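The values are calculated or read from the model by the stated rules, or taken from the named source; none is laboratory data. Bear in mind the structure is a predicted one, so any value in this text is a computation, not a measurement. Here the Cβ is made from the backbone with ideal geometry for all residues, glycine too, and neighbour counts use every protein chain on show.
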Amino acid sequence: MTGFSMMDRRLFLGGMAGMVSGCYTPPDPVALSHPLDLGVDAHIHLFNGRDVPAYGFLKQVVLGGEGTPLPGGVPVNSLMRLLLDILRMGTPSARQELGGIAPRGRADDQRSVAMGIDAFRGAGGARTTARMASPDMSDDDALLLAMIQAEASGEPLPDLGARAMRRTAPPEAGIDGAALAALIYEGPAASAMAAPSAARRRAVLSPSSLISTIQWAGLLTRGCRDLLAEVIRLYGGDGGKRIQIFVASLVDLEYWLDSRAEDAGWLSPQDAQIAVMSAIARERKDTLILNFAPFCPLRAVVEGPQTLRRVQGAIARQGFAGVKLYPPMGFRATCNDGIGFGHSRYPTGVTGAQIDRALDQLYAWCAAEEVPIQAHANDSMAAARGAGAYASPVYWRRVLERYPALRLNLSHAGHFGAAHDIGSVPTVCGIRPERDWLAVIAQMMGAGRQVWFDTGYWTEVTLATAERPAAITRLRELAALSGDPALFARRILYGSDWTMIAREPGFNAYLRGMEEFARALYPDPARFDAMMGGNALDFILGPGRKQHDRLGAFFADNVVWRGNFAA
């Protein structure tokens, strides 16, 4: 899960036996076929607005200082309240979805947005009447609605116009929720986003638009089944499209993000989220859903062994295929001594050494049981300023030295540019930060480590074309740096980062854009097919038998599994 920061865009062109260090000898390959031409999206998310702490997620991650940039002049606090009002409009909890809910689609998204706008406008009027807010608060709300209306009409406001409107817009400015929602979903901006030209895509890549952000919030009012149905409709097997396997990563952000007293009971418990995704994976027979269970080391320290046991149960009994880690919440892959947890819900009483022990227990178990790990590895979507640097691949170098049997996907591949603006002060345990994250990944490949990376949220090369030649040159340089270009080609995984990319205008063209890029990078059909599917199967299934047997028992009646992997 990520959104490229503005710095990303500037830099784009420029078993316990597993603890033994040393070279890793994989088990003998089993007699299984990992078909190269089977399309795999190695990185999606199916969470809705109740699967994350919505207030903290918006405040700290999406709209925070290191989140995705917004158009100039947008009153961020007002936007956050509007998005929260939208998410409150009928978003089902995981337990509700387990009990059965009616399907929701785009028309339901629009109704949620309309009701959210009406609630937002009513709250603004109440604050003004009661004089409970600062004098310009209602002006900010009116400014936001006016900016949304202008952008939806195809007339984005310049900063100067926004400042002038701030002075002149009355508190009640704007049209009613149903009318404004109709403009958001059916107006000129929505039409341009649905089928953008290449020039339009380049124009809207940065910053993210208000319209796409509001539509994204409407999308997050759906249940996980409906989010899956949408990604299959966009990128899946129907209509001649090529993705038959989706790797859905759950996230556990609760202990890192803010919440409010009125949000009590809002967040779906981890057990319920895992149960929903397990049920969805079992129900879906025509598409293979391989879920990755979330592991939060801070939760493991606070709550104890049950955190790891939950993950182990999901792998052993609920059809899950791997583990998801999210370091930019506030921890490193290793060497956590010396860092603070001031932004978390447990700013005192937890030490870096405890975090390391919790992670080591996970790594040892994953190595012994042939369970792959996917980790966010981009300086983006962090819970606190500076925490994005904790996602650096450099910390994984030491982990893979200690646990060489681990299979690791470093999602997003760090900065796609050649440099990362970080300090050079080494950690307490002597790990020195490095500026070129992708180079670190390439070097780990050259050292024989089982490391992959995915293309999640690579909007620069999927939704635009001018940057592709530089990106291809960069990847070929990194392939040479690895010392084995053929191996490097086997370690790139196609990933979209759905649903997060739904904030990007033109996201419906993501798969087509990546296929264009992959064909330019690898004209050889076999290498193209491997990047778009076969490589991910090597990462997920591995050369051993344990993973295959676990998944085979769960997916025995799944058409995709039975037709491609049944032994």
Checklist entry - What about Ala173, is it surrounded by fewer than 17 Cβ atoms within 10 Å (Cβ to Cβ) and at pLDDT below 75? => result no
Checklist entry - Got a sec? Which of Ala314, Ala353 is buried (at least 18 other Cβ atoms within 10 Å of the Cβ) and either aliphatic (A, V, I, L, M) or closer than 21 Å to Glu434 by Cβ (or both)? => result Ala314
Checklist entry - Which helices (runs of 4 or more DSSP H) does region 207-321 wholly contain that include 1 or more residues that are at pLDDT 95 or above and either under 30 Å from Ala192 (Cα atoms) or under 17 Å from the mean Cα position of the chain (by Cα) (or both)? => result 210-219, 224-235, 270-283
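Confirm whether Phe539 is buried (at least 17 other Cβ atoms within 10 Å of the Cβ) and either farther than 17 Å from Tyr235 by Cα or modelled with pLDDT of 95 or more (or both).
The answer is yes for Phe539.
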Checklist entry - Is it the case that region 469-476 has a residue that's of a type outside the set (Asp, Glu), at pLDDT below 95, in contact with a helix residue (DSSP H, G or I) (Cβ under 8 Å, 6 or more places away or on another chain) and at positive phi? => result no
Next on the checklist: Could you check region 261-286 and list, in sequence order, the residues that are in contact with a helix residue (DSSP H, G or I) (Cβ under 6 Å, 6 or more places away or on another chain) and hydroxyl-bearing (Ser, Thr, Tyr)?
Outcome noted: Ser268
Next on the checklist: List pairs: first residue in region 485-507 and under 30 Å from Tyr185 (Cβ atoms), second residue in a loop (DSSP other than H, G, I, E, B) and modelled with pLDDT of 90 or more anywhere in the structure, Cβ distance under 6 angstrom, at least six positions apart or on different chains.
Outcome noted: Tyr494/Thr455; Gly495/Thr455; Gly495/Gly456; Asp497/Gly456; Asp497/Tyr457; Thr499/His45; Ile501/Tyr457
Item to check | Which listed residue, of Asp529, Asp497, Asp557, is within 25 Å of Trp458 (Cβ to Cβ) and surrounded by fewer than 23 Cβ atoms within 10 Å (Cβ to Cβ) | outcome: Asp529
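Identify all residues within region 457-478 that are outside any helix (DSSP H, G or I) and either under 17 Å from Ile441 (Cβ atoms) or among the aromatic types (Phe, Trp, Tyr) (or both); write none if there are none.
Tyr457, Trp458
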Item to check | Matching residues, region 441-468, being under 24 Å from the mean Cα position of the chain (by Cα), hydrophobic (A, V, I, L, M, F, W, C) and either modelled with pLDDT under 95 or closer than 26 Å to Asn508 by Cα (or both) | outcome: Trp452, Phe453, Trp458, Val461, Leu463, Ala464
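Yes/no matrix, rows are residues, columns are (1) surrounded by fewer than 21 Cβ atoms within 10 Å (Cβ to Cβ); (2) modelled with pLDDT of 90 or more; (3) among the basic types (Lys, Arg):
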site: Gly39; (1), (2), (3): no, yes, no
site: Gly72; (1), (2), (3): yes, no, no
site: Ile86; (1), (2), (3): no, yes, no
site: Gln96; (1), (2), (3): yes, yes, no
Checklist entry - Can you tell me how many residues in region 358-409 are assigned to a loop (DSSP other than H, G, I, E, B) and over 30 Å from Arg545 (Cα atoms)? => result 10
Item to check | Failed item in (1) among the polar types (S, T, N, Q); (2) under 29 Å from Ala316 (Cα atoms); (3) part of a helix (DSSP H, G or I), with Ser496 passing the rest | outcome: (3)
Item to check | Test result for Arg385, surrounded by fewer than 21 Cβ atoms within 10 Å (Cβ to Cβ) and within 22 Å of the chain's Cα centre (by Cα) | outcome: yes
Next on the checklist: I need the full set of residues from region 293-318 which are within 18 Å of Gly552 (Cβ to Cβ) and in contact with a strand residue (DSSP E or B) (Cβ under 7 Å, 6 or more places away or on another chain), in order please.
Outcome noted: Ala314, Ile315
